[in-house]
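Input: a single structure, listed below in structure tokens.
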Amino acid sequence: MKLFLRHRLLAVVLILFSLLLWQSCYKFSGNQTIPAYLSIDSIAVDTYYPEEGTNSSQIADVWVYVDDGLLGVFELPALFPVLAEGKHKLEIRPGIKLNGISSTRVPYPFYQPIIYDEMEFVPENTIKLGTITTTYYADLSFQWMEDFEQPDLSFDKLSSSDTIIERTMPENNPIAFLSENSRYSGIIHLTTDRPKYSEMSFGSFAMPSAQGAVVVLEMDFKTDVAVQVGLLMRIYNEFTEIPLVFLNENSEWTKIYINLGPNISLNPNATDYKIIFGAGLPADMSTGEVLFDNIKIVSR
């Protein structure tokens, strides 16, 4: 019940935060009634692979500011009016669905905003930006990265598990998450003989425990069974597992950003943080598959 209330409280805070931002929308001066228009197709992420991992992302929205005032939040691809004329500062912040939930849309604090210092707006004209690019901030810490490109995987099997995560084979198997830096993914096979999966990250992580610290688990997944993702932490030499999210069945590769921060802040005496994954084969299925890729823990 306490965990449920914490998640409800987090959702309420995020929604109130979003409403406050909406209420602070930029107020344009003058008598202009004919808008200019802005078109954005998508936002890509450019990463330095050795330190930041792959560039997989799922940016759902843009948070648009004109002269530092919030114009609005728009789902991508976006076409929207701008009551401005002449040169203005335009700032575009990439937005995500935190924990994969549509009602918790927030600007992702680890992606840099795209800023145009002097964007010229002309009434009735449409500025077509197409696909624009962001990057991670330079001051971030990547506590754990597992992209399954190396044979040794950073997972520990739990005693309750019948199976383990393996690499997709052969190289460039079409079921894997394939990109410029991705030739393999992690795959879990569930059968009636091996119906339970439970593993945790091999290493433990030092997390920022300051109140309000932002820590996010990023990952791509594709699965035909439900998967639970949790946080395992040591508190006074006892391990406590906190469920975080359930990944629902999804036949397409999907990116999710899981918020670890509130549970870390609520347990300042915890150490030895680990991520734990679990899945089970439903009674009405004879086989099941779970695929993971591009796992990262990101913090500042």
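The values are calculated or read from the model by the stated rules, or taken from the named source; none is laboratory data. Fair warning: this is a prediction, and the values are worked out from it, not measured in the lab. Neighbour counts run over all protein chains shown; Cβ positions are idealised from the backbone, glycine included.
Pairs needed: first member in region 102-125, in contact (Cβ under 8 Å) with a residue 12 or more places away in the chain; second member anywhere, assigned to a loop (DSSP other than H, G, I, E, B) and among the β-branched types (Val, Ile, Thr); C-beta distance under 8 Å; at least 6 residues apart or different chains.
Tyr108/Ile59; Pro109/Val214; Phe110/Val214; Tyr111/Ile59; Pro123/Ile34; Glu124/Ile34
Looking at (1) crowded, with 20+ Cβ neighbours inside 10 Å; (2) more than 22 Å from Asp293 (Cβ to Cβ); (3) of a type in the set (A, V, I, L, M, F, W, C), which is the only condition Ile43 fails?
In the conditions (1) crowded, with 20+ Cβ neighbours inside 10 Å; (2) more than 22 Å from Asp293 (Cβ to Cβ); (3) of a type in the set (A, V, I, L, M, F, W, C), Ile43 misses (2) alone.
Restricting region 127-178 to residues that are small (Gly, Ala, Ser) and surrounded by fewer than 13 Cβ atoms within 10 Å (Cβ to Cβ), which is farthest from Arg194 (Cα to Cα)?
Restricting attention to region 127-178, the residues satisfying the condition of being small (Gly, Ala, Ser) are 130, 138, 141, 154, 159-161, 176.
Then keep just the ones that are surrounded by fewer than 13 Cβ atoms within 10 Å (Cβ to Cβ); that gives 130, 138, 159-160.
Details: Gly130: 47, Ala138: 43, Ser159: 13, Ser160: 11 Å.
The residue in question is Gly130.
Yes or no: Ile242 outside the structural domain of Val106 (by TED's automatic domain parsing), at pLDDT 95 or above and in a strand (DSSP E or B)?
On the way: outside the structural domain of Val106 (by TED's automatic domain parsing): yes; at pLDDT 95 or above: no; in a strand (DSSP E or B): yes.
When the stated conditions are applied, Ile242 does not pass them.
Among the residues of region 86-118, how many are modelled with pLDDT under 95 and farther than 27 Å from Gly212 by Cβ?
So the count comes out to 0.
Give the residues of region 61-87 that are crowded, with 19+ Cβ neighbours inside 10 Å, touching an Asp or Glu at 6+ places or on another chain (Cβ under 6 Å) and either over 18 Å from Ser42 (Cα atoms) or of a type in the set (Val, Ile, Thr) (or both), sorted by residue number.
First, pick out the residues of region 61-87 that are crowded, with 19+ Cβ neighbours inside 10 Å: 61-66, 71, 73, 82, 84.
Add one more test, that the residue is touching an Asp or Glu at 6+ places or on another chain (Cβ under 6 Å), and what stays is 61, 65, 73.
Scanning region 61-87 gives a single hit, Val73.
Give region 130-170 a look and list any residue that's in contact with a Gly (Cβ under 6 Å, 6 or more places away or on another chain) and either among the polar types (S, T, N, Q) or part of a strand (DSSP E or B) (or both), or say none.
Met145
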